Every structure is written in C-alpha cells, then in structure tokens.
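Notes to accompany the following structure.
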Amino acid sequence: MKRITFCLFILLIFNSSITYAREYHVSVKGADTNDGSASKPFRTISAAVRYAYPGDTVTVHAGTYREWVNPVRGGESDTKRIVYRAAPGEKAEIKGSEILTGWKKEKEGVWKVVIPNTFFGNYNPYQDSVFGDWFDRIGRLHHTGEIFLNGKSLYEKETLAKVINPVPDTIIKDTQGSVYTWYCESDQNTTTIWANFQKFNPNKELVEISTRRTCIYPDKPGINFITIGGFHISQAATQWAAPTAEQIGMISTNWNKCWIIENNIISDSKCSGITLGKERGTGHNVWSSDKANVNNDGNIHYIEVTFRTIRNGWNKEHIGSHIVRNNTIFNCEQTGICGSMGAAFSTVENNHIYNIWTKRQFSGAEIGGIKFHAAVDTYIRKNRIHDCGRGMWLDWMAQGTRLSSNLMYNNDLEDIFFEVDHGPFIVDNNILLSPVGISTMSEGGAYLQNLITGSVNAWPDLNRFTPYFLPHSTDIAGLTTVFGGDDRLYNNVFVGVGDKANTN
C-alpha cells in the first residue's frame with residue numbers, strides 16, 4: 001500500500017510539472033470576450049496576445065486585421081516558442097491602415113476629406129515626418145503616412161498645386177503612377193487630405209490611409225523565441241530606420257533574440273519591411289539631435305552607440321540569432337530587411353525582395369534590399385533581390401559573414417556594397433547580373449565561384465576608424481581604418497567587356 005501511495009505521489013508531481021500547450025484562434029467573426037477556442041475565437045490578435053504563453057500557438061483565420069500586434073511575452077526556447085501564424089491555406093492580413101470614406105469632389109480628379117484627429121488615436125502620421133540620421137529629404141517634407149488606392153500607394157506632394165496639376169516623374173519606372181498624388185494639412189483638431197485619384201471615384205473604390213507605426217512589434221526587450229508565419233502584412237507608417245536609432249519596420253524584433261519570421265508577404269511600408277535592429281535606450285538619431293558636439297561626424301556617433309549596445313547586453317547570448325526565410329518583400333521605400341547589430345548571428349534565406357526605393361521621393365545612406373550593420377556571423381543565402389537601388393549593403397562590422405547562392409539583378413547602384421568592413425567575410429556562388437556587381441570599401445573578403453556580369457569597384461577609406469571583433473563574438477578587439485587590398489578571389493567568372501577599375 002505504501003509503495004502504491006508513493007508511486008501515485010511521484011505521478012502527481014510529474015503531471016503537475018507538465019505544461020500543456022494551447023492553441024488560440026482568432027477570426028473576424030469572433031469576439032474578444034470569447035475564450036479563443038476554435039468554436040469561440042477572439043476577434044483581434046491583440047486579445048490572443050494577452051493569453052499566449054510559451055509553447056502556445058495563435059492561429060489567425062482569413063480576414064483583415066487592422067491593429068498593432070504587441071507581444072507581451074515570448075517563448076522560453078526553440079521547443080517552447082510562442083507561434084503566431086495564419087491558418088493553413090487561409091489569407092490573414094495585418095494592416096497598418098484604415099479605410100477612409102467620405103471624400104468630397106473638388107474638381108475633376110481631385111477629392112478632399114477632412115478627418116477629426118481623434119480618428120488617429122495617439123499617433124497621427126500626417127503630423128509626423130520622416131526623419132533620422134543619414135536621411136536626405138531632398139529639400140521637402142515627407143509624412144510617415146501614405147494614401148492607397150486599391151492597394152497602390154499614391155505620391156505625396158509638398159504643395160496642393162502639385163496635386164491639382166501633377167507632372168509625371170520621368171526619372172522613375174512608375175511614371176504613369178506618379179500622377180496619382182496627395183497633399184495634407186493638419187491642425188489641432190483636424191487633418192485635411194487632398195488626393196488626385198485621376199479617373200477613379202474614391203467613394204466607390206478601396207481607399208486606405210496608414211495610421212499605425214508598425215504591424216508587429218514588442219515595445220519592450222525580453223520578448224524572445226517568437227515565430228511569425230504566413231501573414232500578409234502591409235501599409236504601416238514606418239519611420240526612417242537609422243543604425244543609430246530605434247529601428248521599427250512593419251515586423252520588428254526590437255532588442256530580442258531567436259525570432260523566426262517566415263512565409264510572409266510584406267509590402268508597402270513607408271520605410272522598412274522587416275527590422276532586426278537596435279532599441280531606443282542606447283541612442284535615437286544621436287547624430288541629428290547632438291547640438292553640443294556639432295563637429296563630431298556620424299562615424300564617431302555610431303562608434304559611441306556601438307559601445308553603448310555592448311554595455312547593454314549586445315552579445316550572442318542575448319541578441320540576434322534570428323531566422324528570416326521564405327518571405328516576399330516589396331514596395332518599401334528604405335529597406336526590405338534592415339538591422340543595426342540585432343541581425344548578428346542570424347540566417348536570412350530564400351527571401352524574394354524587390355521594388356525597394358522605387359518612388360525615389362527621398363534618399364539617404366541606409367537604403368537597400370538588405371541593409372545590415374554588424375552582420376557578425378550572419379548567413380545570407382539563396383535570396384532573390386532585384387529592382388532595388390542597392391541589392392545588399394553590409395555596412396560596418398561584417399565579420400564572419402557569408403553571402404552564398406544569392407541571385408541579384410536589375411539593381412541600379414550595385415548588387416553588393418561592403419562599407420568599412422574588416423572581415424573576414426565570404427562571398428560565394430552568387431549570380432550578380434546588375435551593371436555594378438560589387439563595390440567594396442572594405443578588406444578581408446574572400447570572393448569564390450561567383451558569376452559577375454557587371455563591374456567590380458574597390459577603394460580604401462583611410463579616414464574612418466571602425467571596429468573589429470574577437471572571432472565569433474561582439475567583443476571589440478580594436479578599431480582601424482580600411483587600407484584595402486586584403487581580399488582573395490578564386491574561381492569567379494566575369495562576363496562582359498569590363499570597365500576601368502575604380503581606384504578613387
């Protein structure tokens with residue numbers, strides 16, 4: 001009898017230690033007062049967020065969800081993640097926009113709507129402008145908001161006259177689309193938008209305006225082991241993601257680790273699609289906001305930010321190690337994927353990235369299909385990147401980085417740009433078909449078995465000291481300039497007449 005009692009006691013302890021994973025359901029036909037079961041789903045993903053614990057899955061069924069998903073907790077390990085996924089075979093959309101109706105016709109093609117500012121809640125993108133370190137506004141204001149007609153973004157203008165009488169932009173590829181324009185004014189109580197919809201009546205079409213900063217973003221660190229899978233994500237009013245700033249795209253990891261972002265369709269971000277980047281506490285646009293040290297250049301400010309991130313726990317144990325795979329990303333005006341330091345130790349593979357920086361209404365030094373700072377031990381492979389300004393830009397501290405088996409073409413600046421990196425890094429088995437295949441202001445690269453049809457440009461940078469690390473870590477070993485020349489090229493195939501080498 002004692003033996004039976006003892007066995008029952010052990011069994012009770014064992015069973016009490018088991019955590020049973022739950023699946024919560026979300027449906028546009030549900031209600032947030034439901035329990036999240038398959039028969040009584042929640043109405044919003046945000047409601048499910050409050051209930052999800054490590055090991056749980058949130059399954060989102062077909063429909064459009066206009067909300068900011070702000071995870072309040074993460075998983076514990078790769079085997080106890082919190083998974084947010086679209087239901088298999090169903091189209092679940094998360095949008096940073098709202099539908100806008102009530103347009104009044106001003107004249108042929110031009111319509112006007114007056115919106116109470118209460119419509120926007122605590123954030124009005126038509127009172128906020130794109131701003132940040134290394135951002136070039138090209139002499140005018142750009143709001144973070146966007147107007148969409150049947151899913152296609154219109155072109156913001158700086159005056160009402162340019163909406164009434166739009167002039168086609170013959171420099172960009174979308175010349176025909178550039179005559180669909182908008183302009184806004186906002187005061188304490190209302191926001192007024194004028195838009196030229198050409199032949200369309202906006203009250204009979206789908207017109208949406210960006211109203212949220214992001215679609216999926218935890219507003220605090222410590223939210224690790226999250227999976228985001230299978231969604232259509234679009235139309236957020238994202239801000240410029242400088243490497244010296246908090247970087248928030250439509251999906252953003254914040255200062256966390258071990259996210260998996262897979263099988264999503266991500267489009268129409270004002271700035272960036274996915275960000276794996278820095279948080280705000282170690283500095284936010286420190287160069288632009290530094291009034292006391294105006295003689296310090298951006299280089300010094302980023303070095304200071306790098307040391308602050310290290311003191312804030314930037315290492316393999318706490319930050320990075322993300323997987324970004326099988327996503328389609330397009331129509332973003334800064335980057336498809338970017339990350340300052342937070343992309344370290346990550347794998348980025350099998351993504352299709354295109355139409356990045358195609359409207360060309362603003363510019364800056366942080367634009368590309370993929371733009372990473374400090375891609376330490378990051379593996380970037382089998383991505384297809386085209387119709388961008390730069391295909392891939394690895395800026396500062398690419399060490400232990402490998403670019404393998406990527407296909408890049410029709411990028412009008414270059415396919416790959418390495419800026420002030422000390423290596424070692426590997427570029428192997430890529431197909432580079434743009435007019436400029438590789439530009440490198442770096443050293444320590446091994447270029448192996450690539451097919452390159454464009455030019456290759458290399459030059460030193462003797463004016464900027466940038467960090468390099470102890471192997472496979474973020475512990476800084478030292479800082480030095482780029483002398484250039486310390487590269488290795490083996491078994492590459494160069495096609496074309498070739499141009500005179502750039503030796504700046």
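Data overview
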| item | result |
| --- | --- |
| Largest-first ordering by accessible area, 1.4 Å probe, given options Tyr20, Tyr490, Tyr155 | Tyr20, Tyr490, Tyr155 |
| For Thr181, distant residues with modelled amide H under 5 Å away | Tyr155, Asn196 |
| Normalised contact order of segment 345-477, rounded percent, pairs of Cα under 8 Å and 6 or more residues apart | 19 percent |
| Using θ = phi - 60° and Karplus 6.51 cos²θ - 1.76 cosθ + 1.60, couplings along segment 342-353 (whole Hz; Gly, Pro as x) | x, 8, 4, 6, 9, 10, 10, 9, 6, 9, 10, 10 |
| Cα gyration tensor of segment 306-356 - equivalent ellipsoid semi-axes, whole Å, descending | 26, 14, 5 |
| Segment 42-193: Rg to Rh, with Rh as the Kirkwood radius over Cα pairs | 1.06 |
| Three-way shape call for segment 422-504 based on the alpha-carbon gyration tensor, with the a/c threshold at 1.5 | oblate |
| DSSP-loop trypsin sites (Lys or Arg not before Pro) across segment 182-227, with at most 10 other Cβ within 10 angstrom | Lys199, Lys204 |
| Debye-sum result for segment 241-378 in log10 I(q)/I(0), which assumes one identical scatterer on each alpha carbon, at q = 0.12, 0.18 Å⁻¹ | -0.45, -0.96 |
| Span per principal axis, largest first, for the Cα atoms of segment 208-276 (Å) | 33, 30, 16 |
| Portion, in percent, of the accessible area of the chain that falls on carbon or sulfur, probe 1.4 Å | 54 percent |
| Percentage, to the nearest whole number, of Cα pairs in the chain over 39 Å apart | 28 percent |
| Alpha-carbon Rg/Rh ratio, for segment 393-465, with Rh computed the Kirkwood way | 0.95 |
| For the chain: relative contact order, % (alpha-carbon pairs under 8 angstrom, 6 or more apart) | 9 percent |
| Per DSSP, loop GluC sites (Glu not before Pro) in segment 180-288 with at most 16 further Cβ within 10 Å | Glu205 |
| Accessible area in square angstrom per residue, segment 373-504, 1.4 angstrom probe | 42 Å² |
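The values are calculated or read from the model by the stated rules, or taken from the named source; none is laboratory data. Predicted model only: the values in this text are computed from it and were never measured. Note that each Cβ is placed from the backbone with ideal geometry, even for glycine, and that neighbours are counted across all protein chains shown. SASA here: full protein model, heavy atoms, side chains in, ligands and nucleic acids out. Shrake-Rupley method; radii C 1.70, N 1.55, O 1.52, S 1.80 Å.
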